[in-house]
């Protein structure tokens, strides 16, 4: 039986192409990211320094995000902000002794990362989304005021790839925990969440945070 010449040509091309396909499997990319971060929160509330003795306090947060594409992800972020002071409470307006003020921002966001290569050392990013700011203010001798306010936030920053700083540790993280990349990052975040204080005045419980932290992609 004579084999058609076209069939022989197709078979030959497939044999030649097979090593190429075997050497180039589908690209394996991270699908999730986790961040841990901390820094300084500068409240938008007027006279914060009068209430609490300085114009800033600590802000700690963590986030989990899913990558829709290599450059775009959606996620949730939870934070904790606390300060202690003397005098009038920022929400209650009560003149008293010690005041403990706590904020718990819960956020949903969309983020865009300018990543074009898995070996890219510096990666810029920006995004934003919805914020619900829970607050609690405990005033000495006056009880506790608590509630929440809804608003929005924006964030932007720069990531620095750490994989090449210790290639052995990077390989171990990949093999043991499935972590593709580790980044150090610097971030600026602005939150606006309006609430009504006891006098009926609208106040912004948000402010601007300057954060630093580590991000792990897996």
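The values are calculated or read from the model by the stated rules, or taken from the named source; none is laboratory data. No experiment lies behind these values; they were computed from the predicted model shown. Cβ coordinates were reconstructed from backbone atoms using ideal geometry, including for glycine residues, and neighbour counts include every protein chain displayed.
Brief remarks on what is shown
- Meets criteria (in a strand (DSSP E or B), without any contact (Cβ under 8 Å) to a residue 60 or more places away in the chain and under 30 Å from residue 86 (Cα atoms)) for residue 126: no
- Some residue of region 158-168 being assigned to a strand (DSSP E or B), touching a residue at least 40 places away in the same chain (Cβ under 8 Å) and touching a helix residue (DSSP H, G or I) at 6+ places or on another chain (Cβ under 9 Å): no
- Within region 188-214, residues that are exposed (fewer than 15 other Cβ atoms within 10 Å of the Cβ) have Cβ atoms under 7 Å from residues that are modelled with pLDDT under 95 and assigned to a loop (DSSP other than H, G, I, E, B) in these pairs: 198/92; 198/93; 199/93, counting only partners at least 6 apart in sequence or on another chain.
- Count of residues meeting criterion [within 24 Å of the chain's Cα centre (by Cα) and either part of a loop (DSSP other than H, G, I, E, B) or surrounded by fewer than 18 Cβ atoms within 10 Å (Cβ to Cβ) (or both)] in region 43-73: 14
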